[in-house]
Amino acid sequence: MKRLAFLPVIIVFLLIVNAGRAQNDGFLLDSVRETIAVGGGPYTNIRRHYYYNLYNQLKFDDVMTNKNGFPDTADWRCTQQNYHVYDAQHRIVKDSLNARTVNESNWSDIYKRDYFYSDTVNSQTTFSWDFTTGSWNHGNVRYIDTLFPPGIFETSHLRQYWFDQTGQWENDRWDDTLFFSDGLTDKIRVTLWVIGDPTMHVSDSTLYDYTYYPDTLFTYQYEMENGYYFLRKIYYSDDSLQKYKFKYRVMLDGTIDTLGRTIWYYDGQQHLIKYESALWHPDLHDWLITTTIIYQYNDKGLLVQMDQYSGDHQQTQYSYNDDDLLWKKEYYPMAGDPSYYFTYYYYYTYTYVGTHDKSSKQCQKIVLYPNPVEDLIYFNELRFKEKFYRIVDVTGRMIQNGMLSKDEQHLNVATLTPGNYIITFFADNKA
């Protein structure tokens, strides 16, 4: 018998029962969406897990799908995984997406995005997985931000696409922004290219006029090839409780067409309480309101309800826990319609152990939460057909052990006394 072929897979955690928080733990946001269908009861159709590190950066997230569509089966399957990797300066350096159907066992690469940082440029490049060749395509898009030396008040954002016919990246859009020394925007210039044509095509240029700033701001967006420019006038009411934006089209002969209006309404605490957009009807010589959004807040200033009127009346309600964290969001797509969905949000401390090995196309992460724990400790889906576990204290004394069924994803540790423990998962009972 070749013993090496049957070495157990072992994952070890430090488990803390009714004690302080583990140093390397982050927090997990667990959202469960349920839908009420017309003529039917509630069913859960999606679940998402968001895992954050100690710096509040998203480390990875999962999309869970219920294989049968109804919660009474409790048959969840992870069908999508997103990974986010950061460097020592807490800058994101890579993110990737893997997916599978509820009936598949193996994961498939979908896309990845690589980030590059230097003293002169920052860039991000997106690659897509080619199932035919079994390799990464050169990518859909690449963004390049030029870093200018101190004293140069300018930003540059370039978008490129990979062009197979030339075998290289081709410019697509360039946004160049100039600032005054006090940080106010002076000019935004947009340049477009035709793929395969190296000639620059200046699309438009936006100028900012601060003659009456901060009470009023004018922006002029010039359409280089269309014979007109857009004039936007933005100003605040005297009591700063309303903000207005008007949009006009000015032809080269001086003719001015009124196009649109947007108004933001604020309360005394500067909470946005109403948003209203309208289009000017030249025949009626009046404004036709297209969208109205009403915002309501609780006594802590947290948004509790949003009503949107744009043809239909849509409503979203928000509820919070004792820590003022969002715990439930209810969405009604149309007033009076019994169909709606609501999402529950749960927050846990979690311990993360795992690797993400693209070369073997295997994604392995083990998550244990909550940690510290009082009674039930949960863990995500393990890849083992048979799962064994063992809990020992810090002296190595066996406290609890056993075997878990394929679908079990929690342990009851309520009988353990407060303290630190080590829990081990392995694939057979020979560890």
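The values are calculated or read from the model by the stated rules, or taken from the named source; none is laboratory data. Note that this is a predicted model, so its numbers are computed, not measured. Using ideal geometry, Cβ is built from the backbone for each residue, glycine included, and neighbour counts are taken over all protein chains shown.
Quick notes on this structure:
- Residues considered: K274, K233. Of these, the only one that is more than 30 Å from the chain's Cα centre (by Cα) and of a type in the set (K, R) is K233.
- Filter pass, Y235 being of a type in the set (F, W, Y), modelled with pLDDT of 95 or more and either in a strand (DSSP E or B) or in contact with a helix residue (DSSP H, G or I) (Cβ under 8 Å, 6 or more places away or on another chain) (or both): no
- Any hit, region 186-201, residues being modelled with pLDDT of 80 or more, more than 29 Å from Y235 (Cα to Cα) and not acidic (D, E): yes
- Filter pass, N106 being of a type outside the set (F, W, Y), touching a residue at least 40 places away in the same chain (Cβ under 8 Å) and not in a strand (DSSP E or B): yes
- Region 293-341 - residue that is in a loop (DSSP other than H, G, I, E, B) and assigned by TED's automatic domain parsing to the domain that holds L272 and, of those, surrounded by the fewest Cβ atoms within 10 Å (Cβ to Cβ): D299
- The sole residue among G139, G183, G151 that is modelled with pLDDT under 95 and either surrounded by 15 or more Cβ atoms within 10 Å (Cβ to Cβ) or touching a Leu at 6+ places or on another chain (Cβ under 6 Å) (or both) is G139.
- Among the residues making up region 243-256, those that are at pLDDT below 95 and either under 23 Å from L303 (Cα atoms) or surrounded by 14 or more Cβ atoms within 10 Å (Cβ to Cβ) (or both) are R249, V250.
- Residue ID - modelled with the lowest pLDDT, chosen from residues in region 342-389 that are hydrophobic (A, V, I, L, M, F, W, C) and not in a strand (DSSP E or B): F384
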